[in-house]
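Asks: Provided herewith is a single structure, encoded as structure tokens, for subsequent inquiry.
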Amino acid sequence: MTLDDLRVFVAVCEAGNLSAVARDLSCSQSAVSQHVRRLERETGLVLLERRPRGVVPTGAGQVLRRAAADGLSGLDAALRLLDDLRRGVGGTVRVATGATTVRHFMAGGVVAFRDRHPEVALQFATAGSSRRCLEAVRSHAADLAWVTLGPPLDGVEQRASCELPWVLAVRTGDPLASRESIALDDLAEIRHIELPEHSTSRVHLEMRLERHGVRLASTASVADWDTALLLAELGLGHAILPALPGWGDGSGDVRLIPVPDLPPLTAGWAARDWDALSPLAVEFAETVVDRLSPR
């Protein structure tokens with residue numbers, strides 16, 4: 001049993017597919033299978049159940065996956081620390097973020113943390129959705145991820161940090177711009193700018209509207225919240241958005257009107273195991289929350 005065997009096995013369990021892991025590792029599917037078979041020989045147990053569309057860990061496989069993932073996470077952290085010592089730097093904190101996360105949620109925290117720890121390397125990896133940020137944490141590609149909290153994900157801890165009420169972004173000359181708030185029924189008439197496909201915010205919004213029987217007519221789609229706000233400001237449609245720190249009540253040619261009947265989104269941090277994070281990663285996460293910009 002080698003570290004490579006365990007790394008490949010964990011990757012297979014998380015991907016649910018041998019060929020996908022083979023592509024990621026630039027090797028053959030046969031080579032991936034050999035790692036798994038070696039573990040099964042040494043444990044004397046079947047670790048993976050083959051299904052028509054992939055594989056899933058058996059009960060024994062789940063036990064090994066959890067233990068291996070925890071052990072590999074600690075080993076990877078130790079290796080990064082040793083590399084920092086070799087290079088003479090004070091440590092590294094790896095953060096997976098969405099496209100607009102650093103601007104709206106982390107700016108104050110990043111500056112405060114950097115002032116206290118100028119020697120620490122901060123590595124930011126942009127992912128297109130909260131789901132991808134969570135996967136980065138689960139696959140050990142990031143220590144922390146700032147996400148819109150959603151359903152529990154095996155192998156990841158999520159911690160709520162703030163609530164984001166929903167608003168309707170409209171151009172100031174729009175007939176809706178004079179409203180103090182917007183009812184759900186009023187949303188059926190808007191020219192909707194769609195949020196990023198498969199994003200947690202879009203799923204949350206569509207589920208709530210569907211329960212209320214509201215269907216939206218879309219005129220545009222975007223990859224991030226800031227672009228949706230800009231298109232609304234340009235008069236290309238209306239955007240239903242979580243009110244982000246720093247947006248206030250809108251500015252220039254856009255108004256942000258509360259939609260009180262939509263439950264707010266919850267945003268916060270995710271990590272594989274909060275207690276296993278380095279002290280620097282914990283301090284960074286806490287500093288960001290402490291310095292969240294008021295709306």
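Asks: Any chance you could count how many residues in the stretch 53-78 are part of a helix (DSSP H, G or I), of a type in the set (Gly, Ala, Ser) and surrounded by 14 or more Cβ atoms within 10 Å (Cβ to Cβ)? Break it down into steps so the answer makes sense when it comes.
Replies: The initial filter retains those residues of the stretch 53-78 that are part of a helix (DSSP H, G or I), namely 59-78.
Next, from what is left, pick out any that are of a type in the set (Gly, Ala, Ser): 59-61, 67-69, 71, 73-74, 77-78.
Add one more test, that the residue is surrounded by 14 or more Cβ atoms within 10 Å (Cβ to Cβ), and what stays is 60-61, 68-69, 73, 77.
Number satisfying all stated conditions: 6.
Asks: Give the residue that is surrounded by the most Cβ atoms within 10 Å (Cβ to Cβ), with candidates limited to residues of the stretch 185-206 that are among the charged types (D, E, K, R) and in contact with a Ser or Thr (Cβ under 8 Å, 6 or more places away or on another chain).
Replies: Filtering first and then ranking leaves 194.
Asks: Ok, one more. For the stretch 79-184, give me every one of the strands (runs of 3 or more DSSP E) that falls completely inside it and has 1 or more residues that are closer than 23 Å to residue 275 by Cβ. If you could, list the steps in order and put the result at the bottom.
Replies: On the way: elements: 92-97, 121-126, 144-148, 157-164, 166-171.
Hits in the stretch 79-184: 92-97, 121-126, 144-148, 157-164.
Asks: Of the residues that sit in the stretch 35-47 and are surrounded by fewer than 17 Cβ atoms within 10 Å (Cβ to Cβ) and part of a loop (DSSP other than H, G, I, E, B), which one is nearest to the chain's Cα centre (by Cα)?
Replies: Applying the filter and picking the extreme gives 46.
Asks: What pairs come out if I take residues in the stretch 177-195 that are within 16 Å of residue 243 (Cβ to Cβ) and pair them with residues that are among the hydroxyl-bearing types (Ser, Thr, Tyr) and surrounded by 15 or more Cβ atoms within 10 Å (Cβ to Cβ) whose C-beta lies under 6 Å away, six or more apart or interchain?
Replies: Matching pairs, first to second residue: 195/201.
Asks: Can you say whether residue 50 is loosely packed, with under 15 Cβ neighbours inside 10 Å, modelled with pLDDT under 90 and more than 29 Å from the chain's Cα centre (by Cα), as far as the supplied structure shows?
Replies: So residue 50 passes the test.
Asks: So in the stretch 137-162, with the set limited to residues that are in contact with a strand residue (DSSP E or B) (Cβ under 9 Å, 6 or more places away or on another chain) and of a type in the set (Asp, Glu), which one is surrounded by the fewest Cβ atoms within 10 Å (Cβ to Cβ)?
Replies: Among residues in the stretch 137-162 that are in contact with a strand residue (DSSP E or B) (Cβ under 9 Å, 6 or more places away or on another chain) and of a type in the set (Asp, Glu), the one surrounded by the fewest Cβ atoms within 10 Å (Cβ to Cβ) is 157.
Asks: Select, from 95, 102, 32, the only residue that is surrounded by 14 or more Cβ atoms within 10 Å (Cβ to Cβ), in contact with a helix residue (DSSP H, G or I) (Cβ under 8 Å, 6 or more places away or on another chain), under 30 Å from residue 280 (Cβ atoms) and free of Cβ contacts under 8 Å to residues at least 40 places away in the same chain.
Replies: Details: 95 fails: free of Cβ contacts under 8 Å to residues at least 40 places away in the same chain; 32 fails: under 30 Å from residue 280 (Cβ atoms).
Only one candidate passes the filter, namely 102.
Asks: Can I ask one more? Could you tell me whether residue 14 is of a type in the set (Asp, Glu), touching a residue at least 24 places away in the same chain (Cβ under 8 Å), part of a helix (DSSP H, G or I) and farther than 28 Å from residue 277 by Cβ?
Replies: Considered against the rule, which asks whether it is of a type in the set (Asp, Glu), touching a residue at least 24 places away in the same chain (Cβ under 8 Å), part of a helix (DSSP H, G or I) and farther than 28 Å from residue 277 by Cβ, residue 14 comes out as no.
Asks: Could you tell me whether residue 139 is more than 12 Å from the chain's Cα centre (by Cα) and not hydrophobic (A, V, I, L, M, F, W, C)? Step through it out loud before you land on a result.
Replies: Numbers: more than 12 Å from the chain's Cα centre (by Cα): yes; not hydrophobic (A, V, I, L, M, F, W, C): yes.
For residue 139, the condition - more than 12 Å from the chain's Cα centre (by Cα) and not hydrophobic (A, V, I, L, M, F, W, C) - is met.
Asks: Would you tally the residues in the stretch 250-278 being farther than 16 Å from residue 160 by Cα and aliphatic (A, V, I, L, M)?
Replies: Number satisfying all stated conditions: 7.
The values are calculated or read from the model by the stated rules, or taken from the named source; none is laboratory data. Since the model is a prediction, treat every value here as computed from it, not as a measurement. Ideal geometry is used to build each Cβ from the backbone, glycine not excepted, and the neighbour counts take in all protein chains shown.
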